[in-house]
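Since the structure comes first, as structure tokens, the remarks are kept for the end.
The values are calculated or read from the model by the stated rules, or taken from the named source; none is laboratory data. As the structure is a prediction and not an experimental result, all values here were calculated from the model. Note: ideal-geometry Cβ built from the backbone for every residue, glycine included; neighbour counts use all protein chains shown. Only protein heavy atoms, including side chains, enter the accessible area calculation; ligands, DNA and RNA are left aside. Shrake-Rupley method; radii C 1.70, N 1.55, O 1.52, S 1.80 Å.
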Amino acid sequence: MGRKALRWLLSLVVLIGTVGIGSAAPAGAVTTAAEPDIKERILAIPGMSLVEEKPYTGYRYFVLNYTQPVDHRHPSKGTFKQRITLLHKDTSRPTVFFTSGYNVSTTPRRSEPTAIIDGNQVSMEYRFFTPSRPSPADWSKLDIKQAASDQHRIFKALKKIYSKKWISTGGSKGGMTATYYERFYPRDMDGVVAYVAPNDVVNKEDAAYDRFFRNVGTKECRDALNAVQREALERRAPLSAKVKEWADANNATFDTVGSLDKAYESTVLDFVWAFWQYSRAADCADVPAADSSDQVIYDYVDAISGFAAYSDQSLATYTPYYYQAGTQLGAPQVKYPHLDGLMKYGPDFFQPRVYVPRDIPMKFSPSAMRDVDSWVRHNATRMMFVNGQNDPWSAEPFRLGKGARDAYVYTAPGANHGANVAGLAPAEKAKATAAILEWAGVAPAAVQADPAKAKRLTGFDAKLDKRDVQREQTLRP
């Protein structure tokens, strides 16, 4: 996009997991009369408190608060409660540490690695996403090192109970989070599986995204999407009037971005990116003709990129993301040659700063992503990156260098921002599954002898394995 239009960054909730079954021991759990209940063991951890326990057959599922320092560099300067969830299977099983990089889901879900290894799952809410926000909020304490330190403390506290191997995982910003955690605490995890994790090393160099949009899908589909996007700007007056009707009916305001018109243009510029992020090539058949009615164009753009996205009410949820995009993570800037003459504000307007309240100071640090990228290239060990062929966010992926050991980068054919191991080509799927089982210490003898025989250790659970796609606005990542 010719601007850093904050994109819906799917926090691909690669399935946040947590799950529970009353207070009774789960089926298959190893217990003794003298062994404390798992809830008692967890709540005996200093700083750990129970929010609620939810039932789920075969598991225990806990929503918890854990007291964290606001500043890990100066622990005495205040604390806050960070929300985490725990899907307990058995302390004899390995554990997956999941994060979306956003809010944590309190509905029992199981990430793909958790299903593959038949393990426990700890899920962490990222600092500054409510309710896990210090009060008062010192936004300078929202950075990737502080967040990695949150994970490190949680891991150290729970490792005493879950002593088997641990694997970290997450999708999109969650995949980035798992990678940053490994960079700062490389001795904690026994493996990392990062899904569709963007790697914006040089924030001002985004030619890879322009190449992506020139080549993704078929020319017919690209032309059809561009035509709808152009029509939405040409019909700005009647379509933005529809947005105003919605806003008035829902008490939505646009003070942060500056005006309804600026929010409208932001949403339209997000349109093509959002299509490829969440849709498939087969969905090209549903793109309306450029001469469709105003209502058809409005409804389609709204379904793909969402006119509510840049309202104050929507933006408030994702202020921590926008803040990080504008201080460390970076945000793609895409060119729109087919929209020349139709953009009123220009690509330079759409920066992370625009989507964060002005009373929160921001300053970009170009060294943060360069540091992580260099570390991954030279030090990645037991790390796996899974990308989607048709996912815009995968246009700037993590890459491995000569220093990498037992590390892999895979691309799922035809996949969007929901790419996963199950969607890899058969040989790569087996190889990736075998690696995850091996890292978790649960690879069957047959798989150790022949990785081609690798399969997930659990059957499909329609509720636990349901994919929660949480659309997060982001700066055009």
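Tell me whether the stretch 198-212 contains one or more residues that are over 16 Å from Phe98 (Cβ atoms), modelled with pLDDT under 95, crowded, with 18+ Cβ neighbours inside 10 Å and of a type in the set (S, T, N, Q). Taking every residue of the stretch 198-212 in turn, at least one turns out to be over 16 Å from Phe98 (Cβ atoms), modelled with pLDDT under 95, crowded, with 18+ Cβ neighbours inside 10 Å and of a type in the set (S, T, N, Q). Here the condition is being under 21 Å from Tyr318 (Cβ atoms) and either in contact with a Lys or Arg (Cβ under 8 Å, 6 or more places away or on another chain) or in a strand (DSSP E or B) (or both); of Met362, Met384, it holds for Met362 alone. Screening Pro55 with (1) open to solvent by 10 Å² or more (accessible area, probe 1.4 Å); (2) at pLDDT 95 or above; (3) part of a strand (DSSP E or B); (4) of a type outside the set (S, T, N, Q) gives one miss only, at (2).
Residue by residue, here is whether (1) over 13 Å from Ala274 (Cα atoms); (2) not aliphatic (A, V, I, L, M) holds:
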site: Ser305; (1), (2): no, yes
site: Ala308; (1), (2): yes, no
site: Pro320; (1), (2): yes, yes
site: Tyr323; (1), (2): yes, yes
site: Leu329; (1), (2): yes, no
site: His338; (1), (2): yes, yes
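A search for C-beta distances below 6 Å between a residue of the stretch 388-410 that is under 16 Å from Leu329 (Cα atoms) and open to solvent by less than 50 Å² (accessible area, probe 1.4 Å) and any residue that is of a type in the set (Val, Ile, Thr) and modelled with pLDDT of 95 or more, counting only pairs 6+ apart in sequence or on different chains, returns Trp393/Val196; Ser394/Val196; Phe398/Val376. The residue that is most open to solvent (accessible area, probe 1.4 Å), counting only those in the stretch 116-159 that are closer than 17 Å to Ala440 by Cα and assigned to a loop (DSSP other than H, G, I, E, B), is Asp118.
Apart from one condition, Gly2 fits all of (1) at pLDDT below 95; (2) in a loop (DSSP other than H, G, I, E, B); (3) more than 30 Å from Gly326 (Cβ to Cβ); the exception is (3).
Entry remark, the stretch 253-294: residues being within 15 Å of Ala241 (Cβ to Cβ) and either open to solvent by less than 20 Å² (accessible area, probe 1.4 Å) or touching a Lys or Arg at 6+ places or on another chain (Cβ under 8 Å) (or both) number 9 in total.
Among the residues of the stretch 133-148, not a single one is under 30 Å from Pro36 (Cβ atoms), modelled with pLDDT of 95 or more and of a type outside the set (Gly, Ala, Ser). Please tell me if Glu182 is closer than 30 Å to Asp299 by Cβ, of a type in the set (D, E, K, R) and assigned to a helix (DSSP H, G or I). In short, no.
Name the residues in the stretch 419-445 that are crowded, with 22+ Cβ neighbours inside 10 Å, within 26 Å of Gln277 (Cβ to Cβ) and not β-branched (Val, Ile, Thr), would you? Correct list: Ala419, Asn420, Ala432.
The residues in the stretch 67-96 that are farther than 13 Å from Ser163 by Cα, of a type in the set (Ser, Thr, Tyr) and open to solvent by 10 Å² or more (accessible area, probe 1.4 Å) can be counted, and the count is 3. A count restricted to the stretch 325-344 and to residues that are assigned to a loop (DSSP other than H, G, I, E, B) and open to solvent by 50 Å² or more (accessible area, probe 1.4 Å) stands at 4.
With respect to Leu50, is the statement that it is open to solvent by 60 Å² or more (accessible area, probe 1.4 Å), modelled with pLDDT of 95 or more, in a strand (DSSP E or B) and over 30 Å from Asp270 (Cα atoms) true? It is true that Leu50 is open to solvent by 60 Å² or more (accessible area, probe 1.4 Å), modelled with pLDDT of 95 or more, in a strand (DSSP E or B) and over 30 Å from Asp270 (Cα atoms).
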